[in-house]
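Enquirer: Quick one: the structure is below, and I'll ask about it shortly.
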Amino acid sequence: MRLLIIEDEADMLRRLATILRAEGYAVDTAEDGEEGLYKAQENDYDAVLLDAMLPKFDGWELLARLRKTKKTPVLMLTARDASADRVRGLDCGADDYVVKPFDLPELLARVRALIRRGAAIAITRMDFGEVVLDTAQRCVWRKGEVVALQPSEYALLEYLALHRGEVVTRTTLYKHLFDENEDTLSNLLDVRVSNLRRKLGQDFIITRRGHGYGIGIEP
Ligand code: CA
């Protein structure tokens, strides 16, 4: 899953990006309203974390402009518990908000919920026969045993699981699982696919030659 964080406080931006990358998300960043709006319009993010107070133009204006063309799920970060700010954010099309200073587990849970909502998946537990995935707990079982996955491997599995029954192209996977600094010609994706097959079964992820990958598709 690929996220965009738009936040002008350098320490907060760095901290959030580090935490979310450690969770396996690909993370792009922007430090003002203009740059943030440009990136949010150019790329198909799975969610955007948007600070309300930003230079150039603020988060509410950014959101109002973004909503003319895109439905990308947006989590607003508001500086204080001012109900007028929250109402304004929701009116502009924010999907959810957190108040700074936020509780980290709560922020991460809200990001996960937003991504599920974006993919129109209400349930958190997905059953694939011997493999079971829980997107709220970010946990995977095979034949009832917990499978240890790297955050990056989990991210790939979750993306394919949320699109079960569909062929997902390599281009799409690069767009959603790698940040703007990653070279799409690298073989990182192949490494992750082969690690997942080793851990979850060789036939769990199907390769459709010349098209892409999928779970629950015909070879
Ligand atoms: Ca700010």
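Enquirer: Would you kindly state how much longer the chain becomes between residue 79 and residue 134 on full extension, computed as 0.36 nm times their sequence separation minus their alpha carbon distance, in nm to one decimal? Display every interim value, and only then the final one.
Expert: On the way: separation 55, 0.36 × 55 = 19.80 nm, distance 3.17 nm.
So the extension gain works out to 16.6 nm.
Enquirer: Ignoring ligands, DNA and RNA, please state the percent of accessible area on the chain from carbon and sulfur, probe 1.4 Å.
Expert: Working: 5160 of 10690 Å².
Within the chain, the accessible surface is 48 percent carbon and sulfur.
Enquirer: Output needed: percent of Cα pairs per 5 Å distance bin for segment 1-45, bins running from 0 to the one holding the longest distance.
Expert: The percentages, shortest bin first, are 5, 25, 31, 23, 14, 1.
Enquirer: Distance in nm between label sites at residue 170 and residue 10, each 7 Å beyond Cα in the beta-carbon direction?
Expert: Each label point lies 7 Å from its Cα, and together they span 3.8 nm.
Enquirer: Moving to a separate point now. Which of 96, 183, 134 moves most in a GNM of the chain, Cα contacts under 10 Å?
Expert: 183
Enquirer: Quick one: among 82, 52, 64, which has the greatest mean-square fluctuation in a GNM of the chain with alpha-carbon springs under 10 angstrom?
Expert: Between 82, 52, 64, it is 82 that shows the largest mean-square fluctuation.
Enquirer: Could you state the accessible area per residue of segment 1-109 in Å², with a 1.4 Å probe and every protein chain left in place?
Expert: It amounts to 45 Å² per residue over segment 1-109.
Enquirer: Can you tell me what percent of all Cα-Cα pairs in segment 2-118 are more than 21 Å apart?
Expert: Of the Cα pairs, 26 percent sit more than 21 Å apart.
Enquirer: Related question: If the cut-off is a Cα-Cα distance under 23 Å, which lysines reach residue 68, setting aside same-chain residues fewer than 8 apart in sequence?
Expert: 39, 56, 175
Enquirer: What lysines sit close enough to residue 143 to cross-link, taking a C-alpha to C-alpha distance under 22 Å and skipping anything fewer than 8 places away on the same chain?
Expert: Correct list for residue 143: 199.
Enquirer: At most 15 other Cβ atoms within 10 Å and a DSSP loop assignment: could you name the trypsin sites (Lys or Arg not before Pro) in segment 117-219 that fit? Don't jump to the answer; show the numbers that get you there.
Expert: Working: sites: 117, 125, 138, 142, 143, 164, 170, 175, 192, 197, 198, 199, 208, 209; in loops: 138, 143, 164, 209.
Within segment 117-219, the qualifying trypsin sites (Lys or Arg not before Pro) (loop, at most 15 other Cβ atoms within 10 Å) are 143, 164, 209.
Enquirer: Let me ask something else about it. Can you quote the Å³ per residue value for the convex hull of the Cα atoms in the chain, rounded to an integer? Can you show the working numbers first?
Expert: Working: hull volume 26.6 nm³, N = 219.
Here the figure is 121 Å³ per residue.
Enquirer: If I model a spin label at residue 106 and residue 194 as a point 7 Å from the Cα along the Cα→Cβ vector, what separation in nanometres do I get?
Expert: Result for the modelled spin labels: 4.5 nm.
Enquirer: Taking 7 Å along the Cα-to-C-beta vector as the label spot, tell me the residue 35-residue 123 distance in nanometres, rounded to one decimal.
Expert: Simple spin-label model gives 4.3 nm for this pair.
Enquirer: Can I ask one more? Place a +1 charge on the Cβ of each Lys and Arg in the chain and a -1 charge on the Cβ of each Asp and Glu, then give the dipole magnitude about the Cα centre in debye, rounded to the nearest 20.
Expert: The dipole magnitude comes to about 820 debye.
The values are calculated or read from the model by the stated rules, or taken from the named source; none is laboratory data. As the structure is a computational prediction, the values presented were derived from the model and not from experiment. Ideal geometry is used to build each Cβ from the backbone, glycine not excepted, and the neighbour counts take in all protein chains shown. Ligands, DNA and RNA are stripped out before the accessible areas are found, and what is left, the full protein with its side chains, is counted by its heavy atoms. Shrake-Rupley method; radii C 1.70, N 1.55, O 1.52, S 1.80 Å.
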